[in-house]
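As structure tokens, the structure follows; a few thoughts come after it.
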Amino acid sequence: MSRLILASSSPFRKAILDKLNIVYEAVSPDIDETRLDSETPQHYVARLAREKAEALQTDYPDALIIGSDQTAIINGKTIGKPGSFDNACQQLREASGKKITFLTGLSLLNSQTGSCETDVVPFHVYFRHLTPTMIENYLTAEQPYNCAGSFKSEGLGIALFEKLEGDDPNALIGLPLIRLIRMLENQGINVI
């Protein structure tokens, strides 16, 4: 089996990949994550996923490198990590009673052959109508300031939702395992 590298420092992505019980290393890539002018959200996350994997190619010439990136869209507007309580309040007020679409870009780069498979996996979150008290209580409890959309669905954030819709619940957290397993199989690696 080829060496497997997760091009990420995200504890959420590591926890998801751990579910597969495969040996891998997590290495943080150094790339510019600035969105390009007129770049669609789909193209943006696909490009960043690929660039994260490619950033480690020279240091790991005999590896399969996983890159992933995520963005969220509400009312046609891209939203990212809030970074603060005030920004998170604003994001959750805007999400109240609405649907947010999360797009997760996923790439698997074979650094030996240079082949790279990339896909974008959508996931939809339908929010309940949230009161200011619900928003403040939630943010005080979980402080999800480093999470796109201002929530952690694997924790108390689940209480914010009416329903979830998508092919892979792991995509919501940032690493679509169902699609990754197929990509690994295309490279000759079977997880079961």
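Every read-out reported here was derived from the displayed coordinates using simple, explicitly stated rules and does not represent laboratory data. This is a predicted model, so every value here is computed, not measured. Reconstructed Cβ throughout: ideal geometry from the backbone, glycine too, with neighbour counts over all protein chains shown.
For the chain, the longest principal axis of the alpha carbon atoms and the long axis of helix 177-186 meet at an angle near 10°.
Over the residues of the chain, the helix contribution to mean residue ellipticity at 222 nm works out to -9000 deg cm²/dmol, using -39500 (n - 2.57) for each DSSP H run of at least 4.
Placing unit charges on the Cβ atoms only, positive for Lys and Arg and negative for Asp and Glu, gives the chain a dipole magnitude near 480 debye about its Cα centre.
In this label model, Asn87 and Arg182 are separated by 3.4 nm, measuring between points 7 Å along each Cα→Cβ vector. Extending 7 Å from Cα along the Cβ direction at Ile22 and again at Ser96 yields two label points whose distance is 4.3 nm.
Here the calculated FRET efficiency for Ala141 and Ser115, from their Cβ-Cβ distance with R0 = 45 Å, stands at 0.55, rounded to the nearest 0.05. Considering only Ser8, Thr133, Thr104, and ranking their Cα positions along the charge dipole of region 1-147 that arises from unit charges at the beta-carbon of Lys, Arg, Asp and Glu, the one farthest toward the positive end is Thr133.
Normalised by the number of residues in region 88-154, what is the relative contact order in percent for Cα pairs under 8 Å and 6+ residues apart?
Dividing the mean separation by the residue count of region 88-154 yields 39 percent.
Starting from 0.36 nm per residue, how many nanometres of slack lie between Ala15 and Arg35 once their C-alpha separation is accounted for? This chain segment gains 4.5 nm when fully extended. Placing a label point 7 Å from the Cα of Val191 along the Cα-to-Cβ direction, the residues of region 158-176 whose backbone N falls under 19 Å of that point are 166-176. Computed over region 3-186, the convex hull of the alpha-carbon atoms projects to a mean area of 10.2 nm². Would you work out which of Ala95, Ala72, Tyr60 lies farthest towards the positive end of the dipole of the chain, given +1 charges on the beta-carbon of Lys and Arg and -1 on that of Asp and Glu, about the Cα centre? Towards the positive end, the residue furthest out is Ala95. Cα to Cα, under 23 Å, and not fewer than 8 places away if on the same chain: which lysines meet these conditions relative to Lys14? By straight Cα distance, Lys14 reaches Lys52, Lys81, Lys152.
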